[in-house]
Amino acid sequence: MGAKGAQGAGSRAARGGGRGDLPEVDAFTRPYWDAAAEGRLLVRRCRAEGCGVAHHYPREFCPRCWSEDVDWEQVSGRAVLYTWSVVHRNDLPPFGGRVPYVAAVVDLVEGPRMMTEIVDCPESELRIGMPVVVHFRHDGGGVGEGGRVAIPVFRPA
């Protein structure tokens, strides 16, 4: 999650040290991944007076006003499709076994824009602005219950 997590995951996979699609969980991101394992989606919301912006990916400060008065907030998981791309080739494990897949950006109804994957929808049915809802793909990785991590993906609502 975030640039450091994404670089770490990609470089780990490139070195043959593991899967590039699993997060590096730390003390800051653990609430996010624990909630995902329970089927809940969290974002961060600024609590500073006059701001109130919700943001994703999670940061320890507000990207609008730079306040550090931010907290976790559960969101509905409802969104609309902003854009997508169908990936036909990806050599990093385990993505090669998933191609083709739909990499996407969705706008959560609470405001933040989120990178994700669209599942359970034929490419021909994808439309900008189509309603989607969060779903959690459970993969190995040692984060949640039973040593599994839950990755938020979206499907048609």
_Whether the range 20-94 is rounded, prolate or oblate, judged on the alpha carbon gyration tensor where a/c under 1.5 counts as rounded_ = prolate
_Selection of trypsin sites (Lys or Arg not before Pro), the range 35-114, meeting DSSP coil and at most 15 other Cβ within 10 Å_ = R47, R59, R64, R89, R98
*If contacts are Cα pairs under 8 angstrom and at least 6 residues apart, what is the relative contact order of the range 25-119 in percent?*
22 percent
*Net charge contributed by nearby residues that have their C-beta within less than 15 Å of V102 (K/R +1, D/E -1)*: 0
*Taking the Cβ of Q74 as the centre, find all other residues whose Cβ is under 13 Å away and add up their charges (Lys, Arg: +1; Asp, Glu: -1).*
-1
*First measure r as the distance between the Cβ atoms of Q74 and E125, then evaluate 1/(1 + (r/R0)^6) with R0 = 30 Å and state the FRET efficiency to the nearest 0.05.*
0.55
*May I ask you to list the chymotrypsin sites (Phe, Trp or Tyr not before Pro) in the range 51-157 that are in a DSSP loop and have at most 10 other Cβ atoms within 10 Å of their Cβ?*
W66
*When Lys and Arg each count +1 and Asp and Glu each count -1, what net charge do the other residues less than 13 Å away from H88, Cβ to Cβ, add up to?*
0
*What spacing in nm lies between the two simple spin-label points modelled at H88 and A103, each 7 Å away from Cα in the Cβ direction?*
1.5 nm
*asked:* Assuming 0.36 nm per residue, please report the length gained on full extension of the stretch S67 to E38 beyond their Cα-Cα distance.
replied: 7.6 nm
*With a cut-off of 17 Å, note down the residues of the range 58-80 whose backbone N falls inside the zone around a label point 7 Å from the Cα of E49 toward its beta carbon.*
65-70
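Values in this text are rule-based calculations from the coordinates and carry no lab data. Here the structure is a predicted model, which means the values were calculated and not measured. Quick reminder, even Gly has a Cβ in these numbers, built from the backbone with ideal geometry, and neighbours come from all protein chains shown.
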